[in-house]
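What follows is calculated from the coordinates using simple rules that are stated; it is not laboratory data. Bear in mind the structure is a predicted one, so any value in this text is a computation, not a measurement. A quick note on method: Cβ atoms are made from the backbone with ideal geometry, for glycine too, and the neighbour counts reach across all protein chains shown.
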Amino acid sequence: MTDPYLPDHGDDGYRVGHYDLELDYRPHTGRLAGRAVLSAVAEARSDRLVLDFGPLAVSRVLVDGRPARFTHGGGKLRVRPQRPVAGPFTAEVRYAGTARPVRTRHWGELGWDQLTDGALVASQPVGAPSWFPCNDLVRDRATYRIAVTAPSAYTVLANGVLVDGRVGGSTTTWVYEQTEPMATYLASVQVGVYERLVLADGQDLHAPARLLRAARYDFARQPRMVEVFEGLFGPYPFRRYQVVVTDDELEVPVEAQGMSVFGANHVDGRRGCERLVAHELAHQWFGNSVGLARWRDIWLNEGFACYAEWLWAERSGGPGAAVQAARAHARLSRLPRDLRLGDPGVANMFDDRVYERGALVLHALRDRVGDQDFFAAVRDWTGTFRHRTATTADFAAVVQRHTALPLEAFFRAWLEDSALPAL
């Protein structure tokens, strides 16, 4: 079955193991041409294949190397192979057009977006089909190879590790490999005129020249932040971490696997947005490595990322987590109490109450079981479900392994009831 929150996205009839994407992008015109090869496995014999794909025009589809008939519309690419698929198969799609995001009911425009000079991808939760055909199901995670050709004046960044860079005339092809499984909404490409700054081994910052000095200061403590989070959450789960600061302003930072993207407005040379640096970094553990099996459990991503803000402040000279929890509880007590954290509904997936109440659950749990058992459970959580998907029930089971205290009533009050428990 598809995800109940997003029933029009994804197909449970097959699983994609690998995406091989070859893109050619022209920033000044916005033209994007692509070739996507999906290596997948059909759950049962089928004479049709449905992919999520947005506004770009499809010119050709091959299934297992043979031309296939297809129709494309309404965000779906419907394919009729010459022979039914059964077990492993490949699907190749060639497409081109003017890149643009997809429109959504609740979250505006998502996906591939033009900047003043370049592009960014912000897909959470359903923007991936704006730039490549995919099985846009949150629990269907795959490895990726992403090759992007762009004018040589531009830097191209994508998920994973840069494994090749080929200059041909006035263009350069950048090739990245993401070997850890990744959800489609976390796949990303960033294109811009950027300068590179090495913050630490495996940590790079990319920013326009005019913002580099301020960004250097604002992100200077990120390597220490990684050390703190590794002590609390376990080893950093990927091979690299890239931060991109765009020359444009963004409403909020953008989360991707092994990468975070900030707007020019998030850089002030005074570390005014350092809590956001902590928040996006924490998503590498919570949301990217330990992924969602279903969207209703979004609090596991955002609650942990919000709580990481408090933990960093607590360990870097700011207010303690208990102080911040009390402040958050006071704020929530003045807001409507009509949200069930464990099932907030699709319209409220990114409501501020999901973030703060999610962080409060974790702080209340820490207070209940004690620091030693709480952080042992968190490290168990990130270790047991490293590069896998999980649910709230999985989290509760992991925590229960580390304490003899009964927690069923605790989780029911915080996650299933809309009333706000006392802190």
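3J(HN,Hα) along region 397-408: 5, 5, 4, 5, 5, 10, 8, 8, 5, x, 10, 4 Hz, from the Karplus curve 6.51 cos²θ - 1.76 cosθ + 1.60 with θ = phi - 60°, whole Hz, x for Gly and Pro.
For region 210-296, the C-alpha radius of gyration divided by 2.2 N^0.38 Å, with N the number of residues, is 1.10. Could you give the length gained by full extension between Asp352 and Thr71, i.e. 0.36 nm per residue of separation minus their alpha carbon distance, to one decimal place? Length gained, Asp352 through Thr71: 97.2 nm. Straightening the chain between Glu249 and Asp268 buys 5.6 nm, computed as 0.36 nm per residue apart minus the Cα-Cα spacing. In plain terms, the bigger the Kirkwood radius, the slower the diffusion; for region 290-416, with that radius from Cα pairs, at 4 °C and 1.567 mPa s, Stokes-Einstein puts D at 87 µm²/s.
How far, in degrees from 0 to 90, does helix 321-333 lean away from the longest principal axis of the Cα atoms of the chain, to the nearest 10? Tilt relative to the chain: about 80 degrees. For Phe70, the amide hydrogen comes within under 5 Å of the amide hydrogens of Arg80, counting only partners 5 or more places away or on other chains and with H modelled in the peptide plane. With the simple spin-label model, which puts each label point 7 Å out from Cα in the Cβ direction, the Arg239 to Thr2 separation comes to 3.5 nm.
From a point 7 Å beyond the Cα of Arg31 in the direction of its Cβ, which residues of region 133-166 have a backbone N at a distance under 15 Å? The answer is 149-151, whose backbone nitrogens lie closer than 15 Å to the label point. The alpha carbon centroids of region 284-347 and region 69-114 are separated by 33 Å. Applied to region 247-256, the Karplus parametrisation 6.51 cos²θ - 1.76 cosθ + 1.60 on θ = phi - 60° returns per-residue 3J(HN,Hα) values of 7, 9, 7, 10, 4, 9, x, 10, 9, 9 Hz, with x for Gly and Pro. Less than 5 angstrom separates the built amide H of Leu199 from those of Asp204, Leu205, all sequence-distant by 5 or more or on a different chain.
Derived scalar couplings between HN and Hα for region 368-373 equal 6, 9, x, 4, 4, 6 Hz in order, rounded to whole Hz, by the Karplus curve 6.51 cos²θ - 1.76 cosθ + 1.60 (θ = phi - 60°), x for Gly and Pro. If you take the alpha carbon atoms of region 1-191 and fit the smallest convex hull around them, that volume is 108 Å³ per residue.
Could you compute the FRET efficiency for Arg48 and Arg412, with r as their C-beta to C-beta distance and R0 at 45 Å, rounded to 0.05? Once rounded, the FRET efficiency stands at 0.60. Proximity of backbone amide H atoms, modeled 1.01 Å from N, is registered between Val193 and Thr155 at under 5 Å, excluding neighbours fewer than 5 places apart on the same chain. Each label point was placed 7 Å from the Cα along the Cα-to-Cβ direction; for Gln372 and His18 their separation is 4.7 nm. Note on Ala322 and Ala419: the model spin-label points, each 7 Å out from Cα along the C-beta direction, lie 2.6 nm apart. Across region 127-262, Cα-Cα distances exceeding 22 Å account for 41% of all pairs. Our helix-only sum for the chain, with -39,500 (n - 2.57) per DSSP H run of n ≥ 4 divided by its residues, gives a mean residue ellipticity at 222 nm of -7500 deg cm²/dmol.
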